[in-house]
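The values are calculated or read from the model by the stated rules, or taken from the named source; none is laboratory data. This is a predicted model, so every value here is computed, not measured. Neighbour counts run over all protein chains shown; Cβ positions are idealised from the backbone, glycine included.
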Amino acid sequence: MKSAAVVLLLLAIAVWLFVRARPQPPPRMTPAQSSAPSMARPPSPAAAPAEPPPAVPPADSRTEELLRANASLEPDPDLLARYRDIDARYFGRALPAASLRWEPRLAEVGPTIAENFRLEGATDGHLIILNPDVRANPQELQRALCHEMVHVAVWTQDRGHGPVFQRFLRDLADQGAFEGVVASDEEKLALRSALDGRAAALRSEAEALRAARGEVDAAPGSLRTDRAVAYNRRVEEYNASVADFNQLAARYNLMIVYPDGLDRERVDRRPVFADTGGR
């Protein structure tokens, strides 16, 4: 019995030593006890700023202001009658009712588009405003009004000067509704290039004619007569070239292009060499 008690005592001591020898987990720390800095939650990504709307060109903004200013005013009876007449002649009375007014402040808009440029009209599809500068010239008035009326006709399809607008305007010009030549930028550029070349050739020929005339004046007797005949023939050819140049320049000046359908610049059609009298 005594030996059994000793064995039990030794077994108890071994168990106690085993329990003491096991590694103990660290004590759990409460938030108040913890010395480590707390981890902040990352902020939510900010929404990307919206892109600003594209800037409206000053000319467009001012034109829209003028259209709004005229929207509730009485139409001009003469312009309204002209609108109805053109509608009946060339549009089959298919255009919607519209208001038409003179707006002198359009003169302020042209220079913001290009130097010395004249804006002759504008529309919002329901109202047409025209620059009074075209009033004194019936051809300019007819051309400007027809241009704006085409805008009204195709407003739901083409509010600019795109293919639909250009086709309609060209057809109207072909019918003789106004004096003008509808042309693309490429056609206009090609004609302008040809005119520049001809103008340079005419200037060169004018200088040569001045020199030839001096030779005629200095020639003696029968030689002077022969030179005068050749000089006069050359002058006739020169004058014919000037007339041809003027016809091309007139066509160029009637070309209808962007932004409002009328050319921004005109070709000077004055004769290069005015004194071409024969001898």
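Listing for the model above:
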{"item": "Lone unmet requirement of (1) within 14 Å of residue 128 (Cβ to Cβ); (2) without any contact (Cβ under 8 Å) to a residue 24 or more places away in the chain for residue 65", "result": "(1)"}
{"item": "Residues of segment 120-134 classified as out of contact with any Phe, Trp or Tyr (no Cβ under 7 Å at 6 or more places or on another chain) and either of a type outside the set (Val, Ile, Thr) or not assigned by TED's automatic domain parsing to the domain that holds residue 97 (or both), total", "result": "8"}
{"item": "Some residue of segment 83-101 being within 22 Å of the chain's Cα centre (by Cα) and either touching a residue at least 40 places away in the same chain (Cβ under 8 Å) or not assigned by TED's automatic domain parsing to the domain that holds residue 159 (or both)", "result": "no"}
{"item": "Selection within segment 210-247 - in a helix (DSSP H, G or I), in contact with a helix residue (DSSP H, G or I) (Cβ under 6 Å, 6 or more places away or on another chain) and of a type in the set (A, V, I, L, M)", "result": "212, 216, 228"}
{"item": "Qualifying residue in segment 196-204 (condition: under 30 Å from residue 181 (Cα atoms) and either touching a Phe, Trp or Tyr at 6+ places or on another chain (Cβ under 6 Å) or not in a helix (DSSP H, G or I) (or both))", "result": "yes"}
{"item": "Residues located in segment 146-183, provided they are of a type in the set (A, V, I, L, M) and not in a helix (DSSP H, G or I)", "result": "154, 177, 181, 182, 183"}
{"item": "Which listed residue is in the same structural domain as residue 70 (by TED's automatic domain parsing), exposed (fewer than 13 other Cβ atoms within 10 Å of the Cβ), closer than 30 Å to residue 96 by Cβ and out of contact with any strand residue (DSSP E or B) (no Cβ under 6 Å at 6 or more places or on another chain), from 174, 158", "result": "174"}
{"item": "Candidates 213, 203, filtered to the one that is surrounded by fewer than 13 Cβ atoms within 10 Å (Cβ to Cβ) and either touching a residue at least 24 places away in the same chain (Cβ under 8 Å) or among the aromatic types (Phe, Trp, Tyr) (or both)", "result": "203"}
{"item": "Complete set of residues in segment 228-258 that are in contact with an Asp or Glu (Cβ under 7 Å, 6 or more places away or on another chain) and either within 30 Å of residue 173 (Cβ to Cβ) or at pLDDT below 85 (or both)", "result": "253, 254, 255, 257"}
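Matching residues to (1) exposed (fewer than 15 other Cβ atoms within 10 Å of the Cβ); (2) over 27 Å from residue 138 (Cα atoms); (3) modelled with pLDDT of 60 or more; (4) not β-branched (Val, Ile, Thr):
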site	(1), (2), (3), (4)
51	yes, yes, yes, yes
100	no, no, yes, yes
110	no, no, yes, yes
113	no, no, yes, no
